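The values are calculated or read from the model by the stated rules, or taken from the named source; none is laboratory data. The model shown is predicted, which means the values in this text are computed figures rather than measured ones. Every residue, glycine among them, receives a Cβ derived from its backbone with ideal geometry; neighbour counts consider all protein chains shown.
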Amino acid sequence: MDAHSLRHLSRQLVRQLGMLHNQCGAMALTPVQAHCLIELEQENATVNEMAVRLRVDKSNASRTLACLQNQGLVGATPHPDDKRSQIFQLTADGRTKLEALHQQLNAEVSEWLKQLDTDEICQLETSLTRYSKAIEAAANQSNYEIRPLTPLDNAAIAAVIRRVSAEYGLTADKGYGVADPTLDSMSEVYQPAGSAYWVIEHQHRILGGGGIAPLSGEEGVCELQKMYFLPELRGRGLARRLAVQALKEARQLGYRACYLETTANLTEAIGLYRSLGFVHISHAMGNTGHDACEIRMLKTF
């Protein structure tokens with residue numbers, strides 16, 4: 001699916017879900033008002049906080065809350081730390097109205113789900129969750145560039161790998177990747193066909209990187225290699241974005257599977273690999289030279 005097709009499908013869903021209507025379901029509430037009530041059900045909020053949650057401007061959030069307050073569905077109390085601000089919460093009538101809305105819409109969606117088998121519902125949940133996270137991650141990645149490694153990046157990426165390795169106790173004497181003799185000349189290592197390496201740059205600084213290369217001794221299998229990211233880069237979804245780019249490149253290069261080795265110290269990385277479809281395998285593949293990595297994972301294409 002490309003961007004054009006996804007946008008078309010999204011437009012269809014917006015229309016089918018009634019998000020262009022003046023009211024939400026059979027209730028005298030606009031979709032924005034309904035979303036506002038649902039947010040207040042989760043946690044009370046100021047105008048500014050509601051604007052952030054709904055991804056709307058402050059004036060839109062203010063008008064919506066004022067309208068709900070006029071209907072008696074929302075109340076407000078002075079903010080204890082800022083007398084110019086108010087904290088909004090649901091009234092008893094607001095909770096009653098929202099419960100009726102939940103019941104109506106849940107019944108409607110339940111009818112839709114009857115059209116899907118159990119495995120399709122599970123797949124839908126996974127895909128929608130991943131899509132939502134992708135949208136969130138993209139918003140946090142502006143001004144971060146993922147680009148191919150160049151010779152000018154060698155010293156910087158080697159420094160990143162050494163720093164992250166030290167952070168997790170992956171010392172050279174234990175046989176981890178930081179001991180590789182080619183660590184200071186990685187642009188040469190990833191020049192041959194079937195190999196690729198990317199770095200993540202922000203404000204002219206290299207903050208992380210990762211790549212793929214043929215797995216020695218295994219025909220048609222590549223290895224995901226040297227995925228290292230500084231602490232300031234983490235939490236933005238950039239490690240996943242780089243890994244996805246590497247996997248797409250592996251498919252285009254004709255690999256049938258991607259293998260990796262890691263260690264239990266790297267819990268965040270293991271979670272990332274699982275989310276990408278890597279599964280644990282009991283035996284080592286190929287000849288990586290990293291016998292200290294006790295966790296092996298594989299993703300087939």
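The residues on offer are Glu201, Glu167, and the sole one that is charged (D, E, K, R), within 12 Å of Phe229 (Cα to Cα), assigned by TED's automatic domain parsing to the domain that holds Ala239 and under 22 Å from the mean Cα position of the chain (by Cα) is Glu201.
In the range 274-299, of all residues being assigned to a strand (DSSP E or B) and surrounded by 12 or more Cβ atoms within 10 Å (Cβ to Cβ), the one that is farthest from the chain's Cα centre (by Cα) corresponds to Ile281. Every listed requirement among (1) surrounded by 12 or more Cβ atoms within 10 Å (Cβ to Cβ); (2) of a type outside the set (A, V, I, L, M, F, W, C); (3) not assigned by TED's automatic domain parsing to the domain that holds Gly254 is met by Gly209 save one, (3). Identification of helices (runs of 4 or more DSSP H) wholly contained in the range 1-82 with 1 or more residues that are in contact with a Lys or Arg (Cβ under 9 Å, 6 or more places away or on another chain), touching a residue at least 60 places away in the same chain (Cβ under 8 Å) and within 29 Å of Glu108 (Cα to Cα) yields 31-42. For Val178, the test of being assigned by TED's automatic domain parsing to the domain that holds Tyr273 and more than 22 Å from Arg240 (Cβ to Cβ) is passed. Would a scan of the range 157-164 turn up a residue that is in contact with a helix residue (DSSP H, G or I) (Cβ under 7 Å, 6 or more places away or on another chain) and among the small types (Gly, Ala, Ser)? Yes, because at least one residue in the range 157-164 is in contact with a helix residue (DSSP H, G or I) (Cβ under 7 Å, 6 or more places away or on another chain) and among the small types (Gly, Ala, Ser).
Which ones in the range 223-242 are farther than 22 Å from Asp184 by Cα and in contact with a helix residue (DSSP H, G or I) (Cβ under 9 Å, 6 or more places away or on another chain)? Spell out the reasoning first.
Looking only at the range 223-242, we keep the residues that are farther than 22 Å from Asp184 by Cα, and these are 232, 234-238, 240-241.
Of everything in the range 223-242, those that are farther than 22 Å from Asp184 by Cα and in contact with a helix residue (DSSP H, G or I) (Cβ under 9 Å, 6 or more places away or on another chain) turn out to be Arg234, Arg236, Gly237, Leu238, Arg240, Arg241.
Here Ala76 meets the list (1) within 30 Å of Gly277 (Cβ to Cβ); (2) among the hydrophobic types (A, V, I, L, M, F, W, C); (3) more than 28 Å from the chain's Cα centre (by Cα) almost entirely, failing just condition (1).
Report whether or not Ile87 is assigned to a helix (DSSP H, G or I) and in contact with a His (Cβ under 9 Å, 6 or more places away or on another chain). So Ile87 fails the test.
Residues in the range 230-250 that are farther than 18 Å from Ile161 by Cβ and surrounded by 13 or more Cβ atoms within 10 Å (Cβ to Cβ): Arg236, Gly237, Arg240, Arg241, Val244, Gln245, Leu247, Glu249, Ala250. Of all the listed residues (Glu268, Glu218, Glu249), the sole one being among the acidic types (Asp, Glu), under 19 Å from the mean Cα position of the chain (by Cα) and more than 18 Å from Ala156 (Cα to Cα) is Glu268. For the range 10-25, what are the residues that are aliphatic (A, V, I, L, M) and surrounded by 11 or more Cβ atoms within 10 Å (Cβ to Cβ)? Of everything in the range 10-25, those that are aliphatic (A, V, I, L, M) and surrounded by 11 or more Cβ atoms within 10 Å (Cβ to Cβ) turn out to be Val14, Leu17, Met19.
To keep it simple, each residue is scored yes or no on (1) of a type in the set (Lys, Arg); (2) in contact with a strand residue (DSSP E or B) (Cβ under 6 Å, 6 or more places away or on another chain); (3) in the same structural domain as Leu233 (by TED's automatic domain parsing).
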| site | (1), (2), (3) |
| --- | --- |
| Asn44 | no, yes, no |
| Val52 | no, no, no |
| Leu68 | no, yes, no |
| Asp82 | no, no, no |
| Asn106 | no, no, no |
| Gln123 | no, no, no |
| Thr126 | no, no, no |
| Ser132 | no, no, no |
| Thr150 | no, no, yes |
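Within this structure, Thr91 fails the test of being hydroxyl-bearing (Ser, Thr, Tyr), crowded, with 16+ Cβ neighbours inside 10 Å and either under 30 Å from Glu111 (Cα atoms) or in contact with a helix residue (DSSP H, G or I) (Cβ under 7 Å, 6 or more places away or on another chain) (or both).
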